[in-house]
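What follows is calculated from the coordinates using simple rules that are stated; it is not laboratory data. Remember, predicted model here, so these are calculated numbers, not experimental data. Please note: Cβ atoms are built from the backbone with ideal geometry, for glycine as well, and neighbour counts cover all protein chains shown.
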């Protein structure tokens, strides 16, 4: 049952990020709901936890160690220097030592040392080795689902130890013994059934798009279409499905539609591949990630498009950018003039620079804007040709479409950005206090620019960030409409 | 077989044992790390687009501890001083083998003094790192027995090494010096002779053997692992060049 608002622990915003007192286990009270039978089985996992899970888990762990260089390396080389200890937004928000990246990783390393190192199997406690007990499994299920896989810690680690790799491996092991997380498994199952996370069937999707077309028509008087399942279109646009249904996401979808309309580029969305998000990545499952990713490229083939453009979504872009070619490439059936896939911001900014579409930045003069770098885009991918394009392209696009723009505090944006607090498959209500705690660091820096610069709009290019910040804004006492996508700004500024 | 006294026999055995453990242990790790496939591209971006750039990135971590510098300046200072002084000391110990010939070069005392300064810096930086482990809450709570153990072994080695310069007479030191070279030369030629018997030296030597044998089982292996960290060595070119490892499929990302 969802908690009432009064039950939430919302920190007071001062604009300062303070390092909390360290307490072990203080945030263990909130846990994910467990994955249900149907969903688990649909994803190729055991239906539920069964007798003998410990041996099975160690078996999967062993397999992972021999199949994943990063995991193999990161189990051994941590020196516990402490560089990461004050870098994780979940630690800063909760003060729980298990939410320090090294603390989180040690939960796995204890088990690793017990089963896979000579010191651990000989000296046990002295070597800080622990068997995979039920208590340990509980800790795994708690803390590997209080990580958003944002990789801020990896940026600061002298060896680049990537907690996301460790978290993904832990989730893969737990899934493999039948202990899944309901939120992510339900969502992946929905994509398999309907093509998107929300579970919108084809007809309902068309209805929504009709409504949106009508809305645009009322607002602008222009006949802007949102085509669906059109064979032979030039572009297949794959947005996160939240763009079809949720606010403020839909405003961005209107923005995409206007860009395509004005540029005169034929385009389509797909009801089969109506989801850019890839929760397979969140649970660290290669097979599921590949399966979800495959839908998009299968559809690109079927619809005979020339290029694939991805909408505003953080981890979706990381998965599309990094994994597509590996898992379902090569894409020689598409036009190799273009980067496959292309990010929508890259696409739109290119059109503006080429003079194909015109924008009037004064249309957004009511807004004083700041921009939050989404973790998976900032630290997990690239937009455009040059390294760091993931920082410059969204900013250039904002500045093209608006006059008032202020950066968040140095050290909390670009590669050093804090996560919104709900990435990595934890955007679910049963861990709302964890989400609130995880958002605190970023909210402090936002509060700072609100107070100092009068910022009243947070521009985003991630569906999870949008949902999370819209919710957090309400809980922290701000107006949820002060949050939106960059293409919402494009939508207002574009001259049709 | 060889004309060795008992204590030398033991030390010769331990020296070979430590050497074998170290070489095999480290080699095995290198092989395991090198051969384990990485299923997908995971460079931490912004990342270099070319192998040359990625090599430079790894070099900046190995030589300058760039990420640690970003994370925590005091730890970087202490960590950097420790690593540089320790590295120089290893280098000086090897160099000594080529320098220590009679008559001694005119700059020999300077050579020794550099070593002493490095030794002192090493002890001080280790002491800072030890105190930090005990005092800073966040670091104390993550510190394991083995984290203290390695700091203490290293400190003891450095202190024992310094004691050779401070606690024994010059003539006793010269005696060790004169016998050490042949000992090392001959043990490397698999024709061992008696070890210098000064107890201060033997403490320094024993602890060093312990460290060498312990390294393959310890976190010191980060000196190998840092070269195999995918977030750092990978190039950011998944679109330009297809990255595909079929033997890494079907498991965790």
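Quick check: convex hull of the Cα atoms in the range A:187-493, volume per residue, rounded to a whole Å³?
On the way: hull volume 37.3 nm³, N = 307.
In the range A:187-493, the Cα hull volume divided by residue count equals 122 Å³.
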Problem set entry | Degrees between helix B:73-99 axis and first principal axis of chain B (Cα, 0 to 90, nearest 10) | 50
Exercise. How do the peptides A:217-227, B:123-133 rank, highest first, by the average count of neighbouring beta carbon atoms within 10 Å per residue?
Worked result: B:123-133, A:217-227
Exercise. Where does each of A:32-38, A:330-336 land if you order them by average Cβ count within 10 Å, highest first?
Worked result: A:32-38, A:330-336
Seminar exercise, completed: Listing B:104, A:408 by rising number of other beta-carbon atoms within 10 angstrom, fewest first, gives B:104, A:408
Seminar exercise, completed: Reduced to Cα centres, the span from the range A:240-280 to the range A:373-408 in Å works out to 19
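Need one value for A:161-169: mean number of C-beta atoms belonging to other chains within 10 Å of its residues' C-beta atoms.
Values: counts 6, 6, 0, 4, 6, 1, 0, 3, 3.
What the average comes to for A:161-169 is 3.
Residue separation times 0.36 nm, minus the C-alpha to C-alpha distance between residue A:219 and residue A:34: what's the value?
Length gained between residue A:219 and residue A:34: 62.2 nm.
Antiparallel DSSP bridges in the protein assembly as shown: what percent, to the nearest 5? Intermediate results must be reported in sequence, preceding the final value.
On the way: 3 of 21 bridges.
DSSP beta bridges in the protein assembly as shown are roughly 15 percent antiparallel.
Report, in deg cm²/dmol and to the nearest 500, the calculated mean residue ellipticity at 222 nm for chain A, where each DSSP H run with n ≥ 4 adds -39500 (n - 2.57) and the sum is divided by the residue count.
On the way: 22 runs with 246 residues, N = 496.
Per the formula, -15000 deg cm²/dmol.
List the relative contact order of chain A as a percent without decimals, with contacts defined as Cα pairs under 8 Å and 6+ residues apart. Please report the intermediate quantities before stating the final value.
Values: 950 pairs, mean separation 97.6, N = 496.
Averaging sequence separation for qualifying contacts and normalising by length gives 20 percent for chain A.
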For this session: Within a 10 angstrom radius of each residue's Cβ in B:29-38, how many Cβ atoms of other chains show up on average? Whole number is fine.
Result: 4
For this session: Distance between Cα centroids, the range A:460-496 to the range A:88-109: provide it in whole Å.
Result: 29
Exercise. Which residues in the range A:246-283 have a backbone N closer than 17 Å to a point placed 7 Å from the Cα of residue A:356 along the Cα-to-Cβ line?
Worked result: A:255-269
Exercise. Can you pull the mean other chain C-beta count within 10 Å for peptide A:232-243?
Worked result: 0
Seminar exercise, completed: Row for the range A:304-384, column shape: gyration tensor on C-alpha, a ≥ b ≥ c, rounded if a/c < 1.5 i.e. under 1.5, prolate if a/b over b/c, else oblate; value oblate
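Using alpha carbon coordinates only, what is the Rg to Rh ratio of the range B:112-253, with Rh defined as the Kirkwood radius? Don't jump to the answer; show the numbers that get you there.
On the way: Rg = 21.9 Å, Rh = 19.2 Å.
That ratio is 1.15, to two decimals.
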Problem set entry | Order of A:296, A:368 - criterion: other Cβ atoms within 10 Å of each residue's Cβ, fewest first | A:368, A:296
Seminar exercise, completed: Listing B:116, B:142, A:17 by rising number of other beta-carbon atoms within 10 angstrom, fewest first, gives B:116, A:17, B:142
Problem set entry | Highest to lowest packing among A:485-491, B:94-100, B:84-90, B:225-231, scored as the average C-beta count within 10 Å | A:485-491, B:225-231, B:84-90, B:94-100
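Expressed in whole Å with the largest first, what are the equivalent ellipsoid semi-axes of chain B derived from the C-alpha gyration tensor as the square root of 5 times each eigenvalue?
Numbers: eigenvalues 312, 105, 67 Å².
Taking √(5λ) for each Cα gyration eigenvalue gives 39, 23, 18 Å.
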For this session: When a/c is below 1.5 the answer is rounded, else prolate if a/b is larger than b/c, else oblate, so apply that to the range A:46-179 with a ≥ b ≥ c taken from the square roots of the Cα gyration tensor eigenvalues.
Result: prolate
For this session: For residue B:97 paired with residue A:453, estimate the spin-label separation in nm (one decimal), with each label point 7 Å from Cα along the Cα-to-Cβ line.
Result: 6.0
Seminar exercise, completed: Quick shape check on the range A:303-456: root eigenvalues a ≥ b ≥ c of the Cα gyration tensor, a/c under 1.5 is rounded, otherwise prolate if a/b tops b/c, else oblate, and it reads oblate
Exercise. Against the longest principal axis of chain A, how steep is helix A:249-263, in degrees 0 to 90 to the nearest 10, with axes from Cα atoms?
Worked result: 40
Seminar exercise, completed: Taking only Cα atoms of the protein assembly as shown, the Rg to Rh ratio with Kirkwood Rh works out at 1.04
Exercise. So if we plug the beta-carbon distance of residue A:48 and residue A:301 into 1/(1 + (r/R0)^6) with R0 = 35 Å, what FRET efficiency do we get, rounded to 0.05?
Worked result: 0.40
Exercise. For the range A:46-179, what relative contact order do you get, as a whole percent, if you take Cα pairs closer than 8 Å and at least 6 residues apart?
Worked result: 34
For this session: Treating the angle as unsigned and between 0 and 90°, give the value, to the nearest 10°, between the Cα long axis of helix B:6-35 and the longest Cα principal axis of chain B.
Result: 10
